[in-house]
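S.K.: To start, I am sharing the structure in question, which I have written as C-alpha cells.
The values are calculated or read from the model by the stated rules, or taken from the named source; none is laboratory data. What you see is a predicted model; the values in this text were computed from it and never measured. Note: ideal-geometry Cβ built from the backbone for every residue, glycine included; neighbour counts use all protein chains shown.
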Amino acid sequence: MTFQLAFFDDEYRTALFPLAATRPLCEFRFGIFTVREKWERHLAVSSSTLAAQSLEELWPFTPQAGVPLIWVNGRVAPSAQLAAEVKALGPGEALIKGELLVACHAGTDHTPLVLGGSDHLRVNYELRETSAEAIVIRRLHDLFTQNRRALQLDFELIAGGTFQSPDATCTIIGSHPVLMEPGAKAAGCIFNTTEGPVYIAAGAEVMEGSLVRGPIAICSGAQIKMGAKLYADSTIGPGCKVGGEVTNSVFFANSNKSHDGYLGNSVIGEWCNLGADTNTSNLKNNYGPVKVYNYAIGGEEDTGLIFHGLIMADHAKCGINTMFNTGTVVGVAANVFGSGFPPKFIPDFSWGGAEGFTEHSLHKAIETAERVLARRNKKVEAPLRRLFQLVFERTASLRRF
C-alpha cells in the first residue's frame with residue numbers, strides 16, 4: 001500500500017539545541033545520511049516535516065492529499081528491521097520502544113500530530129512494542145558516540161551500488177572496501193579499512209598524502225586537504241573542507257576546517273569555519289567525566305563521557321589558533337577569537353573570546369552569512385533571515401556579559 005512519511009520533533013528537541021535551533025531533528029546527519037534520508041532510502045517513499053513554528057517556513061508541512069500518512073519520530077534512525085515494522089503498521093497503530101514513540105499510522109487524516117508528556121500520544125492508537133534496533137538521539141553527543149553503528153547501518157543501505165576502484169597511487173590496508181562513487185577523486189592516499197569501509201561520495205576529493213581510517217564517510221562535494229589525518233567513526237558532510245587531524249567527529253554540511261589543528265569527539269553544524277590551528281580538547285587532564293551545557297536545563301549536565309570535544313552550531317566561526325576546552329558548546333552565529341581558552345558555553349550571537357564577549361550584531365551576522373553562502377552560489381533568503389532574528393531574540397537572555 002502506498003503511504004508517505006511525516007517527521008515530528010518530540011519533547012527532547014530543546015535538549016538538542018543549539019543544532020536543533022536551526023533544523024528539524026530529522027535533518028541531523030550522522031553515518032552517511034540524515035535521519036530523513038535514511039528512512040526515505042529504507043522505505044522508498046516521500047516525506048514531509050511538521051517542524052517547530054520557528055522552522056516551518058524553511059520546512060513546511062506539505063503532505064500529499066489522500067495518501068495515507070505515517071508519522072515518524074525525527075530523532076530515531078532506523079535499522080532495516082525497524083523500517084520494516086513501521087512499513088507494516090496499519091491505520092490506527094503506533095510503534096513504541098519502551099516509553100519512546102517511534103511511529104504511528106494516521107491513515108488519510110493529516111491533522112498535525114499532538115503529543116502529551118513523555119512522548120505519549122493524546123489520541124487512541126493500538127500500541128505495538130518493537131525490539132528492533134534503533135539509534136535514538138537523546139543528547140548531541142549521541143551523534144559521535146553512535147556514529148560507528150550509524151555508519152555500519154548506512155553501508156548496508158548503499159550495498160549493491162556502483163563504485164569505482166581507487167587510483168593505483170593509493171595504498172589500501174585491510175579487507176573492507178574503499179567505496180568510491182563515480183566522480184569521486186583520490187590519489188596518493190593511504191586508506192586503512194581494517195575496522196570498516198571508507199566511503200567517498202560522488203564529487204568528493206581526497207587529496208594526496210591523506211591518511212584515512214574506516215569506518216568513515218566522506219560525503220558529496222567534500223574536500224579532504226593534503227596530508228589530512230582522518231580517524232575512524234567520522235562523517236565529513238556534503239560540501240565540507242577538512243584538513244589537519246580529525247577523530248570520531250561529525251560535520252553536517254558546508255563547513256570548513258581546512259587547516260592543521262585537532263578536532264575530536266565533536267559535532268560541527270552547517271556553514272561553520274574553524275580558523276587555522278584551531279584545537280579542541282576532548283579529554284580532561286584528570287580523565288574525569290565531561291560536563292556540557294544543556295539548553296533544556298539552562299546549565300551543565302554530566303555526560304558520563306570521558307571523551308567529549310566541541311559542539312558548534314550553524315554559522316559559528318572561530319579565528320586562528322583558537323583553543324576550545326573539553327565539552328565546549330558554541331551557539332548559532334557566534335564568532336570566537338583571541339588567545340586563551342574561552343568559556344565552555346558561548347551563547348548564540350556572541351562576539352569575542354577569553355578576554356570577554358559582547359553581543360554579535362544581528363545585521364553583521366546576516367551580512368557574514370550572505371558572504372559565506374555566496375561563495376557556494378547560494379543566497380540568504382527571507383525565511384533564513386527571519387530564523388536568524390528568532391534565534392537572536394530567543395537567546396538574548398543568555399548573553400549577559
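S.K.: Inside the range 210-230, can you point out the residues that are part of a loop (DSSP other than H, G, I, E, B) and either more than 19 Å from residue 142 (Cβ to Cβ) or more than 21 Å from the chain's Cα centre (by Cα) (or both)?
M.R.: Within the range 210-230, 210, 214, 219, 220, 221, 222, 225, 226, 227, 228 qualify.
S.K.: Does residue 82 satisfy being in a helix (DSSP H, G or I), in contact (Cβ under 8 Å) with a residue 24 or more places away in the chain and not basic (Lys, Arg)?
M.R.: Against the criterion (in a helix (DSSP H, G or I), in contact (Cβ under 8 Å) with a residue 24 or more places away in the chain and not basic (Lys, Arg)), residue 82 qualifies.
S.K.: Also, I was wondering about something else. Among (1) among the charged types (D, E, K, R); (2) assigned to a helix (DSSP H, G or I); (3) in contact (Cβ under 8 Å) with a residue 12 or more places away in the chain, there is one condition residue 370 misses while meeting the rest; what is its number?
M.R.: (3)
S.K.: Could you say which residue among 151, 143, 157 is under 16 Å from residue 81 (Cβ atoms), of a type in the set (A, V, I, L, M) and buried (at least 17 other Cβ atoms within 10 Å of the Cβ)?
M.R.: 157
S.K.: When you scan the range 92-106, do you find a residue that is more than 22 Å from residue 296 (Cβ to Cβ), assigned by TED's automatic domain parsing to the domain that holds residue 33 and exposed (fewer than 14 other Cβ atoms within 10 Å of the Cβ), even just one?
M.R.: no
S.K.: For residue 166, state whether it is at pLDDT below 95 and buried (at least 18 other Cβ atoms within 10 Å of the Cβ).
M.R.: In short, yes.
S.K.: Across the range 1-40, what is the number of residues that are out of contact with any Leu (no Cβ under 8 Å at 6 or more places or on another chain), crowded, with 23+ Cβ neighbours inside 10 Å and part of a loop (DSSP other than H, G, I, E, B)?
M.R.: The number of residues fulfilling the criteria is 2.
S.K.: Just one of (1) over 23 Å from residue 237 (Cβ atoms); (2) surrounded by 18 or more Cβ atoms within 10 Å (Cβ to Cβ) trips up residue 315, so point out which.
M.R.: (1)
S.K.: In a loop (DSSP other than H, G, I, E, B), farther than 12 Å from residue 39 by Cβ and among the aliphatic types (A, V, I, L, M): which single residue out of 89, 101, 95 fits that description?
M.R.: 89
S.K.: Sticking with this structure for a sec: Does any residue of the range 236-247 turn out to be surrounded by fewer than 24 Cβ atoms within 10 Å (Cβ to Cβ), touching a residue at least 40 places away in the same chain (Cβ under 8 Å) and assigned to a strand (DSSP E or B)?
M.R.: no
S.K.: Moving to a separate point now. Say we look at the range 41-59 and pick out the residues that are assigned to a loop (DSSP other than H, G, I, E, B) and among the hydrophobic types (A, V, I, L, M, F, W, C); which of these is surrounded by the most Cβ atoms within 10 Å (Cβ to Cβ)?
M.R.: Here the answer is 51.
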